[in-house]
Amino acid sequence: MTAVLCLLVFHGLIGGLDVILNHELIERLPERLGAKTEEALHGVREFIFAAIFGGLAWFEWHGAMALVLGLIIAAEYLVSFADTLLEERTRRLPLIERALHTILFINLGAYTALLVPQLIDWGRMPSGMQLIHHGMLTWLLSALSVLSFTWGLRDTLSYFVLRKKQNRIAGA
């Protein structure tokens, strides 16, 4: 599990860099009416990562809970795929954003490939959540979970603000 957790920390750091640099500073997505749906997808993905980071930082997912975690990760794939298609239709991505997205997709595949055998093993156990501590990795992933959850709230709020502005403009 150490390799999976290290890859998740890396994912959180690269994902955070992408959000701050590309979404906020370069593209200013929360200010763009056309980015409303993208902001909604980003909010959902950040909540998913809050669950993954925090869930794997503190727990082993046994029995049916392994399936739940597998479904959460599958949802991340679907949201990221939908986000990629949306971005291709709505804006031209800067080169640095494309590069970071490529790294994130490769890393997503890597940590998933390493995690699936563990999920299969956990799936054979009686259902439940087993508390575990991975030392510093637990604390790093916990911090990333809190940051992801907070940013998920921020992007969800951005979606509602942009939707309200768009509705006002449409009604004017």
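The values are calculated or read from the model by the stated rules, or taken from the named source; none is laboratory data. Predicted model, so just to flag it, every value in this text is computed and none were measured. Cβ atoms come from the backbone with ideal geometry, glycine included; neighbour counts cover every protein chain shown.
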Open item on the list: Quick test for you: out of GLY109, GLY123, GLY152, GLY135, pick the one residue that is on the phi > 0 side of the Ramachandran plot and not basic (Lys, Arg).
Closed with: GLY135
Open item on the list: Given the condition in contact with a His (Cβ under 7 Å, 6 or more places away or on another chain) and under 20 Å from TRP61 (Cβ atoms), answer yes or no: does some residue in region 130-148 qualify?
Closed with: yes
TODO: Test TYR159 against the stated conditions and say whether it is under 17 Å from VAL9 (Cβ atoms), hydroxyl-bearing (Ser, Thr, Tyr) and at pLDDT 95 or above.
DONE: no
Open item on the list: When you check LEU131 against the structure, is it under 15 Å from ALA51 (Cβ atoms) and either in contact with a Cys (Cβ under 9 Å, 6 or more places away or on another chain) or modelled with pLDDT of 95 or more (or both), yes or no?
Closed with: no
TODO: Scan region 124-132 and give yes if some residue there is under 17 Å from MET1 (Cα atoms) and assigned to a helix (DSSP H, G or I), otherwise no.
DONE: no
Open item on the list: For region 60-89, which positions are surrounded by 16 or more Cβ atoms within 10 Å (Cβ to Cβ) and not in a helix (DSSP H, G or I)?
Closed with: GLU60, TRP61, HIS62
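Each row is one residue, and each column tells you yes or no for (1) aromatic (Phe, Trp, Tyr); (2) without any contact (Cβ under 8 Å) to a residue 24 or more places away in the chain; (3) crowded, with 16+ Cβ neighbours inside 10 Å.
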| site | (1), (2), (3) |
| --- | --- |
| ARG98 | no, yes, no |
| GLY109 | no, yes, no |
| LEU114 | no, no, yes |
| ILE132 | no, no, no |
| LEU141 | no, no, yes |
| GLY152 | no, no, yes |
| ASP155 | no, no, yes |
| ILE169 | no, no, no |
Task: Residues of region 26-35 satisfying the condition of being part of a helix (DSSP H, G or I) and either within 13 Å of GLU46 (Cα to Cα) or more than 19 Å from the chain's Cα centre (by Cα) (or both) - done: ILE26, GLU31, LEU33, GLY34
Open item on the list: Kindly evaluate ILE52 against the criterion of being of a type in the set (A, V, I, L, M, F, W, C) and more than 12 Å from the chain's Cα centre (by Cα).
Closed with: no
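Answer with yes or no whether ARG92 is of a type in the set (Lys, Arg) and outside any helix (DSSP H, G or I).
yes
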